Amino acid sequence: MSDPDVHPEDALEVAQRALAEVQDLKERVAEFEAGEGSTDEAVEYDDRDSAVIEHLEPGEPVKIVELRRLYRRHTDIRSDTTLKKRIQGLVAGPDFDIAGVGEICYDPDGDRA
């Protein structure tokens, strides 16, 4: 019943990434429920989100397609489902605004009119 193309070392890596993501989500939920997600505080991003954000220009619109490309290029995320969830979580944060159809704007200072 097991797939002959899957090696045990691959399964361990996948499981470890999934566990890390679950832990990250649990921490985010706990922070949200505790009210720690206030917009008055600086938002802390994990390593994957930070790797993408460092390639964004504050105040400049970026297409969602470009965010997907940045995640694929600068992180270990490959799953389309995970990419979609990551992007949704990122752009739902206080540092992002909708810039247009299929575009968001990274606005860490809240300066965008």
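The values are calculated or read from the model by the stated rules, or taken from the named source; none is laboratory data. Keep in mind it's a predicted model, so treat the numbers as computed, not measured. All Cβ positions, glycine included, derive from the backbone under ideal geometry; neighbour counts span all protein chains shown.
For every residue, the table says whether it meets (1) under 21 Å from residue 24 (Cβ atoms); (2) not aromatic (Phe, Trp, Tyr).
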| position | (1), (2) |
| --- | --- |
| 45 | yes, no |
| 58 | no, yes |
| 61 | no, yes |
| 72 | yes, yes |
| 88 | yes, yes |
| 103 | no, yes |
**Fill in**
Within the stretch 1-27, restricting to residues that are part of a helix (DSSP H, G or I) and among the β-branched types (Val, Ile, Thr), the one that is modelled with the lowest pLDDT is 14
**Message:** Scan the stretch 28-51 and tell me whether some residue there is farther than 15 Å from residue 107 by Cα, modelled with pLDDT under 85 and β-branched (Val, Ile, Thr).
**Reply:** yes
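Does any residue of the stretch 76-93 turn out to be outside any helix (DSSP H, G or I) and among the hydroxyl-bearing types (Ser, Thr, Tyr)?
Yes: one or more hits.
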**Asked** What are the residues in the stretch 48-75 that are exposed (fewer than 12 other Cβ atoms within 10 Å of the Cβ) and not β-branched (Val, Ile, Thr), if any?
**Response** 54, 57, 60, 73
**Request:** Just need a number here: residues in the stretch 65-93 that are more than 12 Å from the chain's Cα centre (by Cα) and closer than 13 Å to residue 53 by Cβ.
**Result:** 1
**Request:** May I ask you to list the residues in the stretch 81-110 that are β-branched (Val, Ile, Thr) and closer than 15 Å to residue 46 by Cα?
**Result:** 82, 87, 91
